[in-house]
Amino acid sequence: MNTNSRFPLVALAAPLLLAGLAAPAMAQSDPRISGFFALGALSTPEYQGSSDRTVGPLIAARLAYDTFYIETATLAGGFGARANVLPWSGIEAGPVLGQRRGRSDVENERVKRLGDIDDGTIAGAFMRLPFRDVLSRRDEAAIELEYHHDVSSTASGGLLFFGGSYRFDPTDRLRLRAIALASYASDSYNQTFFGVTRAGATASGLPEYKASGGIRDVGLTLTANYTISGGWGVTGLVTLRRLVGDAADSPIVSREGDENQISFGLGLSYRF
């Protein structure tokens, strides 16, 4: 197992986990400052499509006032942040900034010979449409949409995430959330992370492969936060993503990796 904890400022590989980890309390009648912080350990695949694992920090934080908030987290792809800047309730939207983790110094010898992929800086935007009191007075469903575009020199293209979430607070101490999402990758993104060039094929022994754009993966994330005392508690998450299409068919995945990508983490949290 690779225990290199290299989690740069990143585009979220599973972006809506931010909302899952740092989920706010149900809407308050009076505006106030509120926040959340979690610190722990996170186990993820070493790179996209890898069957090897790496362990790094799990960090999530959120600071909110009324409908405005900023939230940030380390996740499977690194570290990223987004902010809701709309001044009205009913819809949430704003910028996303981060740095997408590349691929370097990996355990798999054949994939290593393909060459390194540099970390890439991304910019984008998100939109979230919440619906409260759907099945009970302690729940919230939402439609989630988020786009990341590489603005650095890695030429790794763009990602569009779309899906939905459902949150339920069985008690004042326990918060549960399920997030179902899929991602659409551009041609350049899939070729960067799943393609094998002629030079790469010669160096690695893998067949040459051109990856086109399309649905990259579908996934489900479950998060839970339990308050023990005085705002302190524990937070946990598990994510299962399944690579599909050209991503799953890549020899990097089908021959040397795994199309099932599982991440899980546990940490100490504080809510105020």
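The values are calculated or read from the model by the stated rules, or taken from the named source; none is laboratory data. Just so you know, these numbers come straight off a predicted model, no measurement behind them. Cβ: placed from backbone, ideal geometry, glycine included. Neighbour counts: every protein chain shown. What goes into the accessible areas is simple: the full protein's heavy atoms, side chains included, and nothing from ligands, DNA or RNA. Shrake-Rupley method; radii C 1.70, N 1.55, O 1.52, S 1.80 Å.
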Residue match in region 257-269 (condition: open to solvent by less than 20 Å² (accessible area, probe 1.4 Å), under 22 Å from residue 33 (Cβ atoms) and touching a strand residue (DSSP E or B) at 6+ places or on another chain (Cβ under 8 Å)): yes
Residue list for region 179-216, filter: touching a strand residue (DSSP E or B) at 6+ places or on another chain (Cβ under 8 Å), in a loop (DSSP other than H, G, I, E, B) and crowded, with 19+ Cβ neighbours inside 10 Å: 186, 195, 206
Whichever residue in region 99-111 is surrounded by fewer than 19 Cβ atoms within 10 Å (Cβ to Cβ) and free of Cβ contacts under 8 Å to residues at least 60 places away in the same chain and, among such residues, is nearest to residue 79 (Cα to Cα): 104
Cβ-Cβ under 9 Å pairs, at least 6 apart or on other chains, region 137-157 side farther than 24 Å from residue 194 by Cα, far side basic (Lys, Arg) and open to solvent by 60 Å² or more (accessible area, probe 1.4 Å): 139/132; 140/132; 141/132
Residues (in contact (Cβ under 8 Å) with a residue 24 or more places away in the chain, of a type in the set (Gly, Ala, Ser), assigned to a strand (DSSP E or B) and more than 30 Å from residue 259 (Cα to Cα)) located in region 62-95: 64, 93, 94
